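Novice: Structure in structure tokens, see below.
The values are calculated or read from the model by the stated rules, or taken from the named source; none is laboratory data. This structure is a prediction, so every number in the text was calculated from the model and none was measured. A quick note on method: Cβ atoms are made from the backbone with ideal geometry, for glycine too, and the neighbour counts reach across all protein chains shown.
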Amino acid sequence: MTGTRREPAGGSRRGPTLGKQDSGSWVEVSGRVLTLLPDDDVDGGHQRMLIDAGSGRTVLVAHNLGLSARVPVSLGDRVLVRGQFEWNERGGLIHWTHDDPFRKEPAGYIRLRGSTYR
């Protein structure tokens, strides 16, 4: 099953479209890994992957390697990602998939095969 969930203030609900209106929201997305991209070198480096977010949409996941361990993910793996969504012209990205070292933001994570990486 592929899908998304947005967590607005005061509770959670199903069904964000991962569009411009969802930018800045904390979301939970499940889907299959479609593409593994090279790491970037921004702010300690990010493990990057594109996942199928359902309804024909893909989303980039940028997992901060300076704050969390690398996820041993492979093409086709099903993942559950919780983080902050930021819209862009390419469809958007999910970041903050880790614990906040300052404890000001909710914790994000990536779940893969029963293990949680944050």
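Novice: In the list Gly83, Gly54, Gly66, Gly45, which residue meets the criterion of being free of Cβ contacts under 8 Å to residues at least 24 places away in the same chain and touching a strand residue (DSSP E or B) at 6+ places or on another chain (Cβ under 6 Å)?
Specialist: Details: Gly83 fails: free of Cβ contacts under 8 Å to residues at least 24 places away in the same chain; Gly54 fails: free of Cβ contacts under 8 Å to residues at least 24 places away in the same chain; Gly66 fails: touching a strand residue (DSSP E or B) at 6+ places or on another chain (Cβ under 6 Å).
After applying the criteria, what remains is Gly45.
Novice: Out of all the residues in region 106-118, which are of a type outside the set (Val, Ile, Thr) and either part of a loop (DSSP other than H, G, I, E, B) or in contact with a strand residue (DSSP E or B) (Cβ under 6 Å, 6 or more places away or on another chain) (or both)?
Specialist: The answer is Pro106, Ala107, Gly108, Tyr109, Arg111, Leu112, Arg113, Gly114, Tyr117, Arg118.
Novice: Could you tell me which residue of region 67-90 is surrounded by the fewest Cβ atoms within 10 Å (Cβ to Cβ), considering only residues that are under 24 Å from Gly56 (Cα atoms) and over 13 Å from the mean Cα position of the chain (by Cα)? Spell out the reasoning first.
Specialist: Quick first cut of region 67-90, residues under 24 Å from Gly56 (Cα atoms) only: 73-90.
Add one more test, that the residue is over 13 Å from the mean Cα position of the chain (by Cα), and what stays is 73-77, 88-90.
Working: Val73: 20, Ser74: 9, Leu75: 10, Gly76: 8, Asp77: 16, Asn88: 10, Glu89: 6, Arg90: 10.
The extreme case among them is Glu89.
Novice: Further, regarding this structure: Taking Arg103 as meeting all but one of (1) out of contact with any strand residue (DSSP E or B) (no Cβ under 9 Å at 6 or more places or on another chain); (2) part of a strand (DSSP E or B), write down the number of the exception.
Specialist: Arg103 satisfies all of (1) out of contact with any strand residue (DSSP E or B) (no Cβ under 9 Å at 6 or more places or on another chain); (2) part of a strand (DSSP E or B) except (2).
Novice: Still on this model: With the condition kept exactly as written, say whether any residue in region 55-64 is exposed (fewer than 12 other Cβ atoms within 10 Å of the Cβ) and not in a loop (DSSP other than H, G, I, E, B). Give the steps one after another, and end with the answer.
Specialist: First pass over region 55-64, keeping only residues exposed (fewer than 12 other Cβ atoms within 10 Å of the Cβ): 55-56.
Filter again for not in a loop (DSSP other than H, G, I, E, B), leaving none.
Within region 55-64, not a single residue is exposed (fewer than 12 other Cβ atoms within 10 Å of the Cβ) and not in a loop (DSSP other than H, G, I, E, B).
Novice: Consider region 1-52. How many of its residues are assigned to a strand (DSSP E or B), more than 14 Å from the chain's Cα centre (by Cα) and modelled with pLDDT under 90?
Specialist: Matching residues across region 1-52 total 2.
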